[in-house]
Amino acid sequence: MSAIRLLVLGAVRQHGRAHGYQIRNDLEFWGAHEWSNAKPGSIYHALKQMAKQELLHAYETAPSTAGGPPRTEYEITDKGTEEYFALLRESLTAYDRRDLLSAGVGFMVDLPREEAVALLGRRLEGLERWRASVTEYYTPEDGPESLGHIGEIMNMWVHSADAGAEWTRGLIERIEGGAYTFAGEGEPFVGVLLEGQENPYATGTPHPEDDQ
């Protein structure tokens, strides 16, 4: 599963209706261009593809006051909403895809609190299985040198599993302790930029479709 689909669907859903440049701006604001494949070309391609798949509805707006071409605005459909929540639930159980997990954490408050905790619990189980499969061949207590320099690969995997499990347990504890506003609990945190709001993390690199 590509993280870009979840990111784009989630950003469009938060806006209600948005054009490509707004979505690009949001994802750069979240730093998604650094930890996922959310580059400008990928974002615009995903918007068009998901419109063809009827996950998004495309609207052609009036020409810009500056005389440029009309922009296309997108709105999530019922089919797109169903896909969004399926991707979100899958992402929170991911133990070997940091880009997917990062996207899921960014939208986890769209789920009920109890469901988010349960999904993260499944992630912990996945990490434990992954770690166990590695230690069938590598015993951390013996040190990576026991397998030559190749042992450092397995050593890295074990450390990644342990760090991921520690972070996941901490997040579960914070959520169970009342952190953040989840679905049905009140007004959620708004993580998207308003029209015209300056993005301090913008790359500043123009793209041919920024005016569409």
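Please treat every number below as a calculation from the coordinates, not as lab data. Bear in mind that the values here come from a model prediction, so they are computed numbers and not experimental data.
Taking a quarter of the surface of the Cα convex hull of segment 1-63 gives a mean projected area of 4.3 nm².
Convert each backbone phi in segment 76-82 into a coupling constant with the Karplus relation 6.51 cos²θ - 1.76 cosθ + 1.60 (shift: θ = phi - 60°), then list the ³J(HN,Hα) values in order as whole Hz, x for Gly and Pro. In residue order, the calculated couplings are 6, 8, 4, 5, x, 5, 4 Hz. Remark: segment 157-171, residue by residue, has Karplus-estimated 3J(HN,Hα) of 4, 5, 4, 5, 5, 5, 5, x, 5, 4, 5, 5, 4, x, 5 Hz, where x stands for each Gly or Pro and the curve is 6.51 cos²θ - 1.76 cosθ + 1.60 at θ = phi - 60°. Scanning residues 5 or more positions from HIS19 or on other chains, those with amide H under 5 Å from its amide H are TYR74, with H placed 1.01 Å from N in the peptide plane. Rg then Dmax, both in Å and based on the Cα atoms of segment 13-97: 14.2, 48.
Residue by residue, segment 118-130 carries 3J(HN,Hα) couplings of 5, 5, 5, x, 5, 5, 4, 4, x, 5, 5, 5, 4 Hz when phi is fed to the Karplus relation 6.51 cos²θ - 1.76 cosθ + 1.60 (θ = phi - 60°); x denotes Gly or Pro.
Residue separation of GLU115 and TYR137 scaled by 0.36 nm, minus their Cα-Cα distance, works out to 4.5 nm of gained length.
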